[in-house]
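These notes are about the structure you will find just below.
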Amino acid sequence: MIEKASIIKNGEMQSGQALLAEGAALQKSWPIGSCAFLKEHQVASEFEYKQQQSALGNIMQHAHIGFRDPQKTIAACAEIYERCAAKNVRIDRYGLCLDWSMGYPLALRQKIGASGTGIMLQDVEQFCELTQNSPVAPHFGDFMLGFPGSLENTQGALSAGATALGNLGQYFTFRLPGWDDDIATTEATVKALGLIAAQPQTVLVHSNIDDGFGAQFSDLACCLGAVMIERYIVEELIGGTMAHCYGHHFSDPLTRLAFQRALQKTKPSSGTMIFGATVTYKGDTAANFASLGSYLLADIVGQKMMPTGHAINPVPVTENIRIPDVEEIIAAQTFAANLVEQGSQYTQLISLQNVEAIAQQIFAGAEQFKQRVLQGLQAGGFDINDPAEMLLALRRIGARRLEQMYGPGLLDRKSPNGRKPIVTATTYVELEEQAEIFISGLSADYLQKIAAGKLRCMAATSDVHEHAKVLLTLCYDALGIEVLEGGISTDAQTLAMAAAQQNVDFIALSTYNGVALNYYNSLRAQLQKLHKDIPIFIGGRLNQISHNSINSLPEDVSAQLTELGANVCKNMPDSLQYIEQILQDPQRTILSA
């Protein structure tokens, strides 16, 4: 049992009911405004539009777009829509990619400016400018809900006519650099949800499973169970309307389709979009087209045979290299529209027997997980009827502990989260396969040499994307390197102090959100203050927007990192040369185990 006193202190936070009332009281001052999409389609909300399109049997299309410069984004949205329309390709919704610094409260945001690669908005007027020129449903997803700036962001998005706001999933897993006040984060989020629920029109509360607990569960039954719990909080306790997204990590077509079927069994009001399986983009553009066609076909078949209101999301094939440009977005949308026309014919060739069997396993396990979590929390003294307390409890307990304690699978020490999954998440399967391939390419003598060195490393990420960290942990464990926990979304100062205190041989850092150069410089500076010269291995998305950029696009900074002394690792084999250098250092002292 998890006791409430070990997680939440009495009086630590306002009640959920008080926070909801405070948010609802703002509705008259912050109603839903107008936008080009609502005017063009003469609907009150995207939810109404989704219902219309689903009734007609149409498959909707979603495009993600967002350059640092808001004006460039506005122009690109108009151009993409018009050029696609000329090809008889309809884009139904735009995911407007905000900078991660949008999560901070407005006053702090205005001081720090943009920190990543997305759109930075400073006031309501800038929100409104984004939604007036293209008759496409505006979706404000990442870094909106679930952050200390949630209420201000929600006010701006509603004023701009947006009726799909997220990403609630990020509340459970994301941490802004330098921000540790989860009470303020929770209170802002619940107030925002109260404002949303008080609107007379339906506003979809969007949550990306793959950005939330879904990325940390090893069992898809727990992923779907988290969906049910989020829906319980938002719909039953708050009175809102939930809409989930998934897809980043669902690379196996069978599991992808089975999860869509299991999700449909929960009878959702609607979905937002099925995100592209971007983890399958590992090659050049030609190779990535095969991945694009594979996951889109599964999604098209699913929406034709078991519609859930999700739009499909053709991710441009350059996404694993850089932010796609206008031409590449248009190409992906055109590809998808043509595949919808041709792929719909595959419904007559496909048997859903295997899909249904897996979906039923996921669904049954999810119901069990939801009930176990709610019963367990209630037994521990938590008020499961208080939405704020529920959110904070889940966030502080964390996905791995929830799965270990309440997962439907049998207890199993060898499994990632302590239980044998009912249906294993494809992410974990793929990471284990990649680690096995890496290790199998090394000789027994080489493995013995590395293990004899008794190396110790600290693994960490600069943001929430932790799959690379999981992979390197699996690989280094197999090499006989002791891997110490450096954390997820770890501040540079915290990481430097931990590495110095543990006296590690090197730091293995994964970074993603366009801060590679700044983070490395900060980490190195912090180590120098501590008089520590610890090698830094850095990999992931090594890009950043330069101060003198003329196109607002991030640039690869690998060469600059190398010049500054970083050990740049594009893949796991790259790290071996740096490991050997450490082993050959005559000044290194091997610590006793």
Of the conditions (1) without any contact (Cβ under 8 Å) to a residue 40 or more places away in the chain; (2) in contact with a helix residue (DSSP H, G or I) (Cβ under 6 Å, 6 or more places away or on another chain); (3) open to solvent by 40 Å² or more (accessible area, probe 1.4 Å), LYS529 clears all except one; give me its number. (2)
Is it the case that the stretch 409-421 has a residue that's over 19 Å from the mean Cα position of the chain (by Cα) and part of a strand (DSSP E or B)? yes
Residue count for the stretch 411-439, restricted to those that are surrounded by 15 or more Cβ atoms within 10 Å (Cβ to Cβ) and basic (Lys, Arg): 2
I need the full set of residues from the stretch 455-466 which are within 30 Å of ARG256 (Cβ to Cβ) and open to solvent by less than 40 Å² (accessible area, probe 1.4 Å), in order please. ALA459, THR461, SER462, ASP463, VAL464, GLU466
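Just one of LEU527, LEU495, LEU517, LEU523 is modelled with pLDDT of 95 or more, outside any loop (DSSP other than H, G, I, E, B) and under 20 Å from TRP100 (Cα atoms); which is it?
On the way: LEU527 fails: under 20 Å from TRP100 (Cα atoms); LEU495 fails: under 20 Å from TRP100 (Cα atoms); LEU517 fails: modelled with pLDDT of 95 or more.
Step by step, each of LEU527, LEU495, LEU517, LEU523 is checked, and only LEU523 is modelled with pLDDT of 95 or more, outside any loop (DSSP other than H, G, I, E, B) and under 20 Å from TRP100 (Cα atoms).
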Just wondering, is there one or more residues in the stretch 10-30 that are crowded, with 17+ Cβ neighbours inside 10 Å and among the charged types (D, E, K, R)? no
Within the stretch 81-125, track down each residue that is at pLDDT 95 or above, among the charged types (D, E, K, R) and open to solvent by 60 Å² or more (accessible area, probe 1.4 Å). GLU82, ARG83, LYS87, ARG90, GLU125
Test for ALA452: is it open to solvent by 10 Å² or more (accessible area, probe 1.4 Å) and under 20 Å from ASN521 (Cβ atoms): no
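Can you tell me which residue within the stretch 263-280, out of those that are among the aliphatic types (A, V, I, L, M) and in a helix (DSSP H, G or I), is farthest from the chain's Cα centre (by Cα)? Step through it out loud before you land on a result.
Step one: filter the stretch 263-280 for residues among the aliphatic types (A, V, I, L, M), giving 263, 273-274, 277, 279.
Restricting the remaining residues to those that are in a helix (DSSP H, G or I) gives 263, 279.
Working: LEU263: 18, VAL279: 12 Å.
Ranking the candidates gives LEU263 first.
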Flag if ALA388 is touching a helix residue (DSSP H, G or I) at 6+ places or on another chain (Cβ under 6 Å), open to solvent by less than 20 Å² (accessible area, probe 1.4 Å), under 27 Å from TRP100 (Cβ atoms) and in contact (Cβ under 8 Å) with a residue 40 or more places away in the chain: yes
Condition broken by GLY33, with the remaining ones in (1) under 21 Å from CYS128 (Cβ atoms); (2) open to solvent by less than 50 Å² (accessible area, probe 1.4 Å); (3) part of a helix (DSSP H, G or I) satisfied: (3)
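Out of curiosity, is GLN577 open to solvent by 80 Å² or more (accessible area, probe 1.4 Å) and assigned to a helix (DSSP H, G or I)?
On the way: open to solvent by 80 Å² or more (accessible area, probe 1.4 Å): yes; assigned to a helix (DSSP H, G or I): yes.
Criteria met by GLN577.
Within 23 Å of ASP99 (Cα to Cα), at pLDDT 95 or above and in a strand (DSSP E or B): does that describe ILE507?
Working: within 23 Å of ASP99 (Cα to Cα): no; at pLDDT 95 or above: yes; in a strand (DSSP E or B): yes.
When the stated conditions are applied, ILE507 does not pass them.
Restricted to the stretch 381-398, and to residues that are under 21 Å from GLN216 (Cβ atoms) and part of a loop (DSSP other than H, G, I, E, B), which residue is modelled with the lowest pLDDT?
In this case the residue turns out to be GLY398.
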Give just the number: which of (1) touching a strand residue (DSSP E or B) at 6+ places or on another chain (Cβ under 8 Å); (2) within 30 Å of GLY118 (Cβ to Cβ); (3) not β-branched (Val, Ile, Thr) does GLU327 not satisfy? (1)
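The values are calculated or read from the model by the stated rules, or taken from the named source; none is laboratory data. Because the structure is predicted, anything quoted here is derived from the model rather than measured. A quick note on method: Cβ atoms are made from the backbone with ideal geometry, for glycine too, and the neighbour counts reach across all protein chains shown. Protein only, heavy atoms only, side chains kept; ligands, DNA and RNA dropped before computing areas. Shrake-Rupley method; radii C 1.70, N 1.55, O 1.52, S 1.80 Å.
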